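The values are calculated or read from the model by the stated rules, or taken from the named source; none is laboratory data. Everything quoted here is computed from the prediction, not taken from an experiment. Counting neighbours? That spans all protein chains shown, and the Cβs are built from the backbone with ideal geometry, glycine included. Remember, those area values only see protein heavy atoms, side chains included, never the ligands or the DNA or RNA. Shrake-Rupley method; radii C 1.70, N 1.55, O 1.52, S 1.80 Å.
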Amino acid sequence: MPGIVSVKTPPEAPPLRISVSEETNGRVDRSEPVIPKSNSPAPRRPPSPSPSTSRAKPSPDRSSGKKKSPPEKVVIDESSLDNPDLGPFLLKLARDTIASGEGPNKALDYALRAAKSFEKCAVDGEPSLDLAMSLHVVAAIYCSLARFEEAIPVLETAIKVPEVSKGADHALAAFSGYMQLGDTHSMLGQLDRSIECYKDGLKIQMEALGDTDPRVAETCRYLAEAHVQAMQFDEAENLCKKTLEIHRVHSPPASLEEAADRRLMALICEAKGDYEAALEHLVLASMAMIANAQENEVAAIDVSIGNIYLSLSRFDEAVFSYQKALTVFKSSKGDNHPSVASVFVRLADLYYKTGKLRESRSYCENALRIYAKPVPGTTAEEIACGLTEISAIYELFNEPEEALKLLLKAMKLLEDKPGQQSTIAGIEARMGVMFYMVGRYEEAHSSFENAVAKLRAGGERKSAFFGVVLNQMGLSSVQLFKIDEAAELFEEARRILEQECGPCHQDTLGVYSNLAATYDALGRVEDAIEILEYVLKLREEKLGTANPDFDDEKKRLAELLKEAGKSRNKKAKSLENLIDPSSKTTKKETSRKWSAFGFRS
């Protein structure tokens, strides 16, 4: 009797091969590498720190760099599909075609015919699990062709076939269908739908196997990684704790599974600002990897430990951790491996923070040389991640044009990669900030607009990061005199940040201030007064009045009250002056708020 498992691909797996077996029920291999975690000011897309690639997604067929021609229309001959022996035969042909490498289109033809045959031959009108399996195969082939939108309805049909109450086989088919559907939504950047599918799959698995089965732990970890990607850290932490509890019971001490869980938990703790807890988990993970003779993984953990020390301003210890990792990577992978470049970037960030600008720039240049001539096997995602991190350091050097060039290169590398919409949105938002800083407001607005569209489509419309992007887009709208649009953006940002961060958070207070200025520019003086009175009350009662913004807001409120007392129709003051009397300070403050929120993890 088959168990319900979460299929994982070994770390050194080759590019996607659609492998369909009786045990996996048509699950798709996940083989796209995970971008390494770093602590650099980069777009917030926290990856898995695990040595496994369990959150990697299926990749389209990249056997040819040429643009794919439109797929041939599959014609299904329905005259003989009611033969009960035809479905299994066609399904076997589909598997054999995939294995022989003849091409996915022919395999798709066979799989579609098989599904049609199983549907026609249903006993008493009830579809069999063979139908579900054939639909999983069809969806897997669609994904290999990067036709993810066509895979969605196929999988939605497949998950309706099994009846979980009929036993483990049906539960396995339903579980596999939900997980495959979640992967496909993720490839389209639809993280919210993806997470819901994973939750449904986990629920079925727990009902079939119980809450403490080791296979349940694997799925909990998979779902936790999805929550991390969506920056839902509380949910991720709860799932990761459950995974650790299960592995503590079923796995030997210092197991690789526990080490992977602790690395993920460290990433979550770091994202939440609990650096001491993150450090503890990383040290325990390192001990487990040492016990299992995983030298490269120990080096990767040393990089993460260095990141924590850097966040705690323990610079000497951070340098020691980075240098340890660098020595191992150079000896085991070579001087030009992207892992070496990633450590160079970390050292560049560290030396900038300690005021050693020459050393910082030197490490940036060394990393760029490696990314310019990548060794075979280097992925576009690794290079894009590195370029994005280096761009943040050039931003600190006050070289926005150079930072923009690197961000543009990174975005072009990811344009054709499925499942990277959230990352591209983060890069576009960063580009928007850069354009704003150099006074290119039209391009800033366009970049923010593209980022917002991608984040909305990806289900991140309720995240705090999305609220910050809306606020930045509102500021660019102000500079273009699109005041009505700016007001709408600030209002939406306010709703999101109030929900996600609370009214006393610095980003929320910044949106309040911008919204008050916008209302005044629109002649809505009473609304502006109401907001400023609320902000001053918050500062007086909860935050204190020592903040220099308090005096500024108090003066602005006094001016508005004076104007309202004289005439409600009096021309409002310049919106630019209300947001910040100095345009130079406006740009600096905008950059500071953005960096503090999203690009320094």
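Report the equivalent ellipsoid semi-axes for the stretch 462-566 in whole Å, largest first, defined as the square roots of five times the eigenvalues of the gyration tensor built from alpha carbon atoms.
21, 19, 10
Roughly how many nanometres apart are two label points built 7 Å out from the Cα toward the Cβ at E442 and N336?
Here the answer is 4.2 nm between the modelled labels.
If you average the sequence gap of Cα pairs under 8 Å that are 6 or more apart and divide by the length of the stretch 462-566, what percent do you get for the contact order?
The normalised contact order for the stretch 462-566 reaches 21 percent.
Take every Cα-Cα pair in the stretch 213-293 and report what % of them are more than 17 Å apart.
41
How large is the translational diffusion coefficient of the stretch 98-159 in µm² per second when you combine the Kirkwood radius over alpha carbon pairs with Stokes-Einstein at 25 °C and 0.890 mPa s?
For these conditions, the coefficient is 207 µm²/s.
At a 10 angstrom cut-off on C-beta neighbours, averaged per residue, how do the peptides 281-288, 153-160, 98-105 rank from highest to lowest?
Taking the mean over residues of other Cβ atoms within 10 Å, the ranking is 281-288, 153-160, 98-105.
If eta is 1.567 mPa s and T is 4 °C, what Stokes-Einstein diffusion coefficient results for the stretch 169-315, Kirkwood Rh from Cα pairs, in µm²/s?
It comes out at roughly 81 µm²/s.
Could you sort 200-211, 344-355 so that the peptide with the highest average Cβ count within 10 Å comes first and the rest follow in order?
344-355, 200-211
Which Cα, out of I393, F320, A367, lies furthest along the positive dipole direction of the stretch 309-399 (beta carbon charges, K/R +1, D/E -1)?
Of the listed residues, the answer is F320.
Averaging sequence separations of C-alpha pairs under 8 Å and six or more residues apart, then dividing by the length of the stretch 194-267, give the relative contact order as a whole percent.
26
Distance from the Cα centre of the stretch 261-279 to that of the stretch 447-466, in angstrom?
When both Cα centres are located, 26 Å separates them.
Expected output is a single nm value to one decimal: the length gained when fully extending between A293 and D416, i.e. 0.36 nm times separation in residues minus the C-alpha distance. What is it?
Between A293 and D416, full extension yields 40.5 nm more.
Mind listing P(r) for the stretch 280-335? All alpha-carbon pairs, 10 Å bins, whole percents.
So the P(r) values, bin by bin, are 27, 52, 20, 0.
What value in Å³ per residue do you get for the convex hull of the alpha-carbon atoms in the stretch 393-518?
Dividing the Cα hull volume of the stretch 393-518 by its residue count gives 104 Å³.
For R314 and E207, compute 0.36 nm times the residue count separating them, minus their Cα-Cα distance, and round to one decimal in nm.
Extending this stretch completely gives an extra 33.8 nm.
Write down the accessible area per residue of the stretch 80-209 in Å², having rolled a 1.4 Å probe over the full set of protein chains.
Averaged over the residues of the stretch 80-209, the accessible area is 41 Å².
Using a 1.4 Å probe on the protein chains only, how many percent of the accessible area of the stretch 191-252 belongs to carbon and sulfur?
Of all accessible area on the stretch 191-252, carbon and sulfur atoms account for 47 percent.
Would you mind estimating how fast the stretch 105-224 diffuses translationally, via Stokes-Einstein at 4 °C and 1.567 mPa s with the Kirkwood radius over Cα pairs, in µm²/s?
It comes out at roughly 88 µm²/s.
If each of E359 and S100 carries a label point 7 Å out from its Cα toward its Cβ, how far apart are those two points in nm?
6.2
Out of residues 5 or more away from A122 or on other chains, whose amide H comes under 5 Å of its own, with H placed 1.01 Å from N in the peptide plane?
Amide H neighbours of A122: none.
What ranking of Y322, Y142 comes out by heavy-atom accessible area, probe 1.4 Å, highest first?
In descending accessible area the options line up as Y142, Y322.
Modelling each spin label as a point 7 Å along the Cα-to-Cβ direction, I'd like the N238/D274 distance in nm, to one decimal.
So the two model labels end up 1.4 nm from each other.
Please calculate the 1.4 Å probe accessible area of R369, with all protein chains present, and give it to the nearest 10 Å².
150
Any of K120/K160; K199/K454; K330/K405; K242/K462; K203/K242; K92/K116 with alpha carbons more than 18 Å apart? Name them for me.
K199/K454; K330/K405; K242/K462
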